[in-house]
1. If only Cα atoms are counted, what is the Rg of the chain, and what is its Dmax, in Å?
2. Taking the Cα centre of the chain as the origin, how large is its charge dipole in debye, to the nearest 20, when only Lys and Arg (+1) and Asp and Glu (-1) carry charge on their Cβ atoms?
3. Can you give me the accessible area per residue for the chain, using a 1.4 Å probe, in Å²?
4. Per residue of the stretch 38-50, in order, report the coupling 6.51 cos²θ - 1.76 cosθ + 1.60 (Karplus, θ = phi - 60°) as ³J(HN,Hα) in whole Hz, putting x for Gly and Pro.
5. Round to a whole number: what % of the accessible area of the chain belongs to carbon and sulfur, probe 1.4 Å?
6. Given H placed 1.01 Å from N in the peptide plane, which residues other than close sequence neighbours of Ser9 have an amide H under 5 Å from its amide H?
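The values are calculated or read from the model by the stated rules, or taken from the named source; none is laboratory data. Remember, it's a predicted structure, so these values are computed and weren't measured experimentally. Quick reminder, even Gly has a Cβ in these numbers, built from the backbone with ideal geometry, and neighbours come from all protein chains shown. For accessibility, only protein heavy atoms count, side chains too; no ligands or nucleic acids. Shrake-Rupley method; radii C 1.70, N 1.55, O 1.52, S 1.80 Å.
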Amino acid sequence: MTGDPPLGSCPKCGEGLSGVHVLVEYEKDDGTTGIWAECPICDEVVSPQE
């Protein structure tokens, strides 16, 4: 275990994503944080799903 907390999973393949995969963090209109991450399995930029 690396100590890198999980962000969620890839909505395309289900692979677990963590902070090491994050490309962009941004603030959404509702004040929450949005994340775009690169999935190491399907090589796509995705928004991790919980």
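1. According to the Cα coordinates of the chain, Rg and Dmax are 10.7, 34 Å.
2. Rounded to the nearest 20 debye, it is 120 debye.
3. For the chain, the per-residue accessible area is 73 Å².
4. So the Karplus estimates, Gly and Pro as x, are 9, 7, x, 8, 9, 6, 10, 8, 9, 9, x, 9, 7 Hz.
5. On the way: 1770 of 3640 Å².
Answer for the chain is 49 percent, counting heavy atoms of protein chains only.
6. Under 5 Å from the amide H of Ser9: Leu17, Gln49, Glu50.
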